[in-house]
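Novice: Quick one: structure below, then a few questions.
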Amino acid sequence: MRQTFQFPKKAIFFVAALIISAIAIMLLTQLQQSYQAVQPIDQLYIFGDSLSDVGNVFRATGGQVPAAPYFQGRHSNGRVWVEELAAKLNLPNDRVKNFAWGGATTGLNGLNQVPGVLAQVEAFIQTRPKVDPQALFVIWAGANDYLFSTETPNTSIDNLNRSLQSLLQFGAKRFLVANLPDLGKLPATRTTEA
């Protein structure tokens with residue numbers, strides 16, 4: 001009769017605990033390396049329309065548009081969301097470059113001949129020798145395409161795609177592309193009828 005050798009249960013438990021500990025240490029080391037590899041955002045570039053414009057139209061019109069009661073040249077009753085984002089990222093004003101224009105569409109020309117997002121991105125690329133790899137690129141536009149323009153949804157999407165592709169080819173790595181708000185709830189599009 002042949003006897004088979006069996007490891008004692010304590011030995012099996014000990015070996016299993018060693019293997020699990022080794023895997024846990026390797027995973028923790030990888031997580032720490034991954035965490036250390038993520039660099040903070042150190043620059044913010046903004047392209048868009050009135051939802052992100054911090055006064056480009058106001059300066060271009062000598063303070064005529066948007067008129068009071070709007071807040072300090074913004075199409076808003078206070079600071080716009082990208083200013084809040086920059087504050088949350090602890091970015092000083094010189095690290096935030098805003099190319100957004102109130103009235104911009106996703107194409108080359110917006111309403112009243114302001115630069116659209118495609119033109120904003122082209123102007124950015126033409127004036128920069130290289131891109132900051134830690135920069136966040138923000139694009140939020142399209143409402144004016146739907147509300148006031150003759151652009152089709154496919155054209156708007158194509159324009160946004162072309163803007164993103166241009167920035168990618170230029171070397172941009174981090175993006176925030178915002179979706180449109182519910183355009184049916186804007187004061188200009190709401191009806192008071194029940």
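The values are calculated or read from the model by the stated rules, or taken from the named source; none is laboratory data. The model shown is predicted, which means the values in this text are computed figures rather than measured ones. Cβ: placed from backbone, ideal geometry, glycine included. Neighbour counts: every protein chain shown. Heavy atoms of the whole protein, side chains included, go into the accessibility calculation; ligands, DNA and RNA do not. Shrake-Rupley method; radii C 1.70, N 1.55, O 1.52, S 1.80 Å.
Novice: Across segment 63-92, what is the total count of residues that are at pLDDT 90 or above and over 19 Å from GLN120 (Cα atoms)?
Specialist: 9
Novice: Is it the case, given these coordinates, that SER166 is of a type in the set (Ser, Thr, Tyr), touching a residue at least 24 places away in the same chain (Cβ under 8 Å) and open to solvent by 30 Å² or more (accessible area, probe 1.4 Å)? Talk me through it step by step, then tell me what you get.
Specialist: Numbers: of a type in the set (Ser, Thr, Tyr): yes; touching a residue at least 24 places away in the same chain (Cβ under 8 Å): yes; open to solvent by 30 Å² or more (accessible area, probe 1.4 Å): yes.
Yes; evaluated as a whole, the condition is true for this residue.
Novice: Let me ask something else. Quick check: anything in segment 164-184 assigned to a helix (DSSP H, G or I), at pLDDT 90 or above, under 14 Å from GLY116 (Cα atoms) and not basic (Lys, Arg)?
Specialist: Within segment 164-184 (the criterion being assigned to a helix (DSSP H, G or I), at pLDDT 90 or above, under 14 Å from GLY116 (Cα atoms) and not basic (Lys, Arg)), the answer is yes, since at least one residue qualifies.
Novice: When residues of segment 119-135 are filtered for being of a type outside the set (Gly, Ala, Ser) and part of a helix (DSSP H, G or I), how many remain? Give the derivation first.
Specialist: First, pick out the residues of segment 119-135 that are of a type outside the set (Gly, Ala, Ser): 120-122, 124-134.
Adding the requirement that they be part of a helix (DSSP H, G or I) leaves 120-122, 124-127.
Summing the residues that are of a type outside the set (Gly, Ala, Ser) and part of a helix (DSSP H, G or I) in segment 119-135 gives 7.
Novice: So, in segment 36-73, of the ones that are assigned to a loop (DSSP other than H, G, I, E, B), touching a helix residue (DSSP H, G or I) at 6+ places or on another chain (Cβ under 6 Å) and not acidic (Asp, Glu), which residue ends up most open to solvent (accessible area, probe 1.4 Å)?
Specialist: Step one: filter segment 36-73 for residues assigned to a loop (DSSP other than H, G, I, E, B), giving 38-42, 49-55, 61-73.
When the remaining residues are screened for being touching a helix residue (DSSP H, G or I) at 6+ places or on another chain (Cβ under 6 Å), the result is 49, 52, 65, 73.
Right, trim to not acidic (Asp, Glu) and you get 52, 65, 73.
Numbers: SER52: 0, VAL65: 68, GLY73: 3 Å².
The extreme case among them is VAL65.
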